[in-house]
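The values are calculated or read from the model by the stated rules, or taken from the named source; none is laboratory data. No experiment lies behind these values; they were computed from the predicted model shown. Cβ sites come from the backbone with ideal geometry, for glycine too, and all protein chains shown count toward neighbours. SASA here: full protein model, heavy atoms, side chains in, ligands and nucleic acids out. Shrake-Rupley method; radii C 1.70, N 1.55, O 1.52, S 1.80 Å.
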Amino acid sequence: MGGKIKEFRPHKLGLGKVLGDLESEIMEVVWQRDGVLVRDVHRELAKRREIAYTTVMTVMSRLVGKNILSREQVGNAYLYKPRFTKSEFTRVVVREVIDSLLEEFAEPAISYFFSRLQQVEDEEQLDRLEALIAERRKVE
């Protein structure tokens, strides 16, 4: 992404933690397609709610500014494409949030992470974490 996450909202669900509600809705539509025009997104969102075409256009332009979408001119319209897959975007967000916590609150963040691990009951998840730690130790 172009810059750091501007705001993290832990009380929100899914992408709403780092994107606005409308930005999240738009990205979900964009990720379902190869490339979209504003009218494609507007048409999809208008099925669920009343929304102005210009609002969709403005938010999509902001997503370009945040380096989340790219756009190229096709005729007299713009074709928008995601710069990241949804899973890549999620990894970037997680990395930025955790890096931010570690930069300012390393001790409590790590302490909490390990106390939280004690609550994990999924053996496969614990095995993956153990393998990551073992791999990290090999590098040293």
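Checking the Cα-Cα distances for K17/K81; K12/K138; K81/K138 against a 31 Å cut-off, the pairs over it are K12/K138; K81/K138.
Quick one: grab the alpha carbon gyration tensor of the stretch 1-72, order the square roots of its eigenvalues as a ≥ b ≥ c, and give me rounded if a/c is under 1.5, else prolate or oblate depending on whether a/b is larger than b/c. Here the stretch 1-72 falls in the oblate category. For the chain, the solvent-accessible area of protein heavy atoms averages 72 Å² per residue (probe radius 1.4 Å; ligands and nucleic acids excluded). Per-peptide packing, taken as the mean over residues of other Cβ atoms within 10 Å, places 123-136, 78-91 in the sequence 78-91, 123-136 from highest down. Put a plus charge on the Cβ of each Lys and Arg, a minus charge on the Cβ of each Asp and Glu, and nothing anywhere else: the dipole of the chain about its Cα centre is then about 760 debye. Amide hydrogen proximity for V18: with H placed 1.01 Å from N in the peptide plane, the residues at 5 or more positions away or on another chain lying under 5 Å are R9.
Inter-label distance, H11 to L101: 1.9 nm, where each label sits 7 Å from its Cα along the C-beta direction.
To the nearest 10, the accessible area of R62 is 130 Å² with a 1.4 Å probe.
Each residue was assigned an accessible area with a 1.4 Å probe, and for V18 the value is about 20 Å².
Keeping the other protein chains in place, figure out the carbon and sulfur percent of the accessible area of the stretch 1-131, with a 1.4 Å probe. Provide the component values of the computation, followed by the final result.
Working: 4630 of 8990 Å².
That fraction is 52 percent.
Relative contact order, whole percent, for the chain stands at 21, derived from Cα pairs under 8 Å and 6 or more residues apart.
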